[in-house]
Amino acid sequence: MTDLAIETAGLTKVYGDTRAVDGIDLAIARGGVHGFLGPNGAGKTTAIRMLATLIRPDAGSAKVLGRDVVREADAVRGLVSLTGQFASVDEDLTGRENLRLIAKLYGFRGGAATRRADELLEAFGLADAADRQVKKYSGGMRRRIDIAASLVVSPELLFLDEPTTGLDPRARNEVWDIIRALVAHGTTVMLTTQYLDEADQLADRISVIDRGRIIAEGTSSELKASVGSGTLHVRVMHRDDRDAARAILVRELGVDFETTHDPQALVAGLEDRSGVTRALTALEDADIGLAQFSLGQPTLDEVFLALTGHAAEEPTQDAEEAA
Ligand SMILES: Nc1ncnc2c1ncn2[C@@H]1O[C@H](COP(=O)(O)OP(=O)(O)O)[C@@H](O)[C@H]1O
Ligand SMILES: [Mg+2]
């Protein structure tokens, strides 16, 4: 037995000229949420489809909960569940019908299937919508029924593939609450996301994936620290003050500020934020009026830029050139 939920060595999947997953090594502990963070096309879905035994690796190996995904695929299937970006509930059926059908597929008989469906509908706040067709659900309800469908039998490990992409903030928060509740009940969750803030909210550890490769691993704070503590945006009220403001900021913070096309704005990335309060006081002491003074967390784009030297949203032909 192993304590690892997921262990891979050189895991690879190739589609034509695209190395969708290009030799990844993972060692992910049981329990909690592991985030798989990367932009569109990074290889997240391909990686978890291999781990969930839906597609076969072209090279390398993977064990899920101690079982080999190729040689012991059936055993793996019995232990995991996948809620896809393109999940499998039937749009024309109602929520209850979908869950009852899946329960029957898993061997629940008659009344037991209905009871399991109703339990899940209740737990996911879908009891009122139980008899409505899934195609009439809102985006948030749709994600909830997707997740409910993957929990008809409690899996030890749940793969969630971008469960909140495209949701509004309220629906996204509901999905986050569900994920936290699952983890509290002991399920290990492997979550793919394009959003640093989502990984930040949920994941104990994060693997950053880009062009099929793991380019960084750590906690969210470790990843952010690797790109500095964020970006300071300052706008002076009067453009004549910009040079004076810049001199003060450079002196107090020890970093160079860029001027932008906005004649009142100054921007700098900070390694640490300890001097920020002092810098603000110094600007006030110099009677420089400020329209803006804000320190933003590094965005995913900034993390990507720092880790890879390229932006997250580059077109794919660029990826092919680099490969
Ligand atoms: N079935 C497939 N056939 C051909 N190319 C694929 C297939 N699935 C994925 N790809 C390619 O592999 C790369 C990774 O895709 P994917 O794993 O879906 O990334 P992500 O989930 O991170 O957005 C992309 O370049 C994508 O176009
Ligand atoms: Mg995907």
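Just a few scattered comments:
- Partners of residue 44 within straight-line reach, counting lysines whose Cα lies under 27 Å from its Cα and excluding those fewer than 8 residues away in the same chain: 13, 63, 135, 224.
- Of all DSSP beta bridges confined to the chain, the antiparallel ones make up roughly 65%.
- As a proxy for reagent exposure, ranking 46, 231, 277 by other Cβ atoms within 10 Å from fewest up yields 277, 231, 46.
- Taking other Cβ atoms within 10 Å as a rough exposure proxy, 114, 53 sort from fewest to most as 114, 53.
- GNM result for the chain, Cα springs below 10 Å: residue of 167, 191, 65 fluctuating most strongly: 167
- Site-free segments of the chain were taken between chymotrypsin sites (Phe, Trp or Tyr not before Pro) in DSSP loops having at most 13 other Cβ atoms within 10 Å, sites themselves excluded; the longest one is 107-323.
- Nearby lysines by direct alpha-carbon distance to residue 136 (threshold 24 angstrom, same-chain neighbours under 8 apart not counted): 104
- Across the chain, the longest piece that holds none of the trypsin sites (Lys or Arg not before Pro) lying in DSSP loops with up to 11 other C-beta atoms within 10 Å covers 110-323.
- Top of 280, 126, 79 by mean-square fluctuation, Gaussian network on the chain, Cα under 10 Å: 280
- Helical contribution to [θ] at 222 nm, DSSP H n ≥ 4, -39,500 (n - 2.57), averaged over the chain, rounded to 500: -11000 deg cm²/dmol
- Loop-located GluC sites (Glu not before Pro) in the stretch 53-129 (DSSP state other than H, G, I, E, B) with a sparse environment of at most 15 neighbouring Cβ atoms within 10 Å: 91.
- Over the chain: Kirkwood hydrodynamic radius from C-alpha pairwise inverse distances, Å: 22.1
- Projected onto planes of every orientation and averaged, the convex hull of the alpha-carbon atoms in the stretch 18-72 covers 4.2 nm².
- In the stretch 190-241, inverting the average of 1/r over every pair of distinct C-alpha atoms gives 13.2 Å as the Kirkwood radius.
- Computed on the stretch 92-227, the Cα convex hull volume stands at 127 Å³ per residue.
- Calculated SAXS-style log₁₀ I(q)/I(0) at q = 0.14, 0.16, 0.25 Å⁻¹ - the stretch 78-122, Debye, Cα scatterers: -0.34, -0.44, -0.97
- Exposure proxy ranking for 118, 146, based on other Cβ atoms within 10 angstrom of each Cβ and starting from the fewest, stands as 118, 146.
- Choice from 149, 184, 130 showing the highest fluctuation, given a GNM over the chain with Cα pairs closer than 10 Å: 184
- HN-Hα J in Hz across the stretch 23-39 - Karplus 6.51, -1.76, 1.60, θ = phi - 60°, x for Gly and Pro: x, 9, 10, 10, 9, 10, 6, 6, x, x, 10, 9, x, 10, 10, x, x
- Each 10 Å bin, from zero up to the one with the longest distance, holds this percent of the alpha carbon pairs of the stretch 228-297: 23, 62, 16.
- Taken over the stretch 168-274, the ratio of Cα radius of gyration to 2.2 N^0.38 Å equals 1.50.
- Relative pair counts by distance (%), Cα atoms of the stretch 14-141, 10 Å bins: 11, 32, 30, 23, 5, 0
Bear in mind that the values in this text are calculations on the coordinates, not laboratory data. Keep in mind that this is a model prediction, so the values were computed, not measured. FYI the Cβ positions are ideal-geometry reconstructions off the backbone, even for glycines, and counts take in every protein chain you see.
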